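Here's the structure we're looking at; comments come further down.
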Amino acid sequence: MFLIVVLVIVGCVSVVVARTIQHGIGRRQLVENSHRSPSPSKRSAKAGLMTALLTVTAFVPLLLVAYLAIALLRHVLGQ
């Protein structure tokens with residue numbers, strides 16, 4: 001049960017991090033490419049792929065940090 005809670009929390013944080021990064025990238029590209037805009041289908045497909053890749057990229061290090069934090073707490077508490 002505890003593992004599921006940790007995975008859900010880390011997954012949610014990963015999605016938030018991915019969307020924040022994607023929003024920053026999108027805003028910069030919007031300024032650079034103000035004279036042309038891609039079609040809505042290309043924009044949504046690219047955005048979905050980018051979100052998925054960034055989520056996986058953020059999930060692995062966050063999971064490692066959570067694992068190390070849990071191990072440190074267990075060590076400090078003596079369990």
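For this structure, a couple of remarks:
- In the set Leu64, Leu30, Leu54, only one residue is modelled with pLDDT of 85 or more, out of contact with any Gly (no Cβ under 7 Å at 6 or more places or on another chain) and open to solvent by 60 Å² or more (accessible area, probe 1.4 Å); that residue is Leu64.
- Every residue from the range 67-79 that is open to solvent by 100 Å² or more (accessible area, probe 1.4 Å) and assigned to a loop (DSSP other than H, G, I, E, B): Gln79
The values are calculated or read from the model by the stated rules, or taken from the named source; none is laboratory data. Predicted model, so just to flag it, every value in this text is computed and none were measured. Glycine gets a Cβ as well: all are built from the backbone with ideal geometry, and neighbour counts include every protein chain shown. SASA here: full protein model, heavy atoms, side chains in, ligands and nucleic acids out. Shrake-Rupley method; radii C 1.70, N 1.55, O 1.52, S 1.80 Å.
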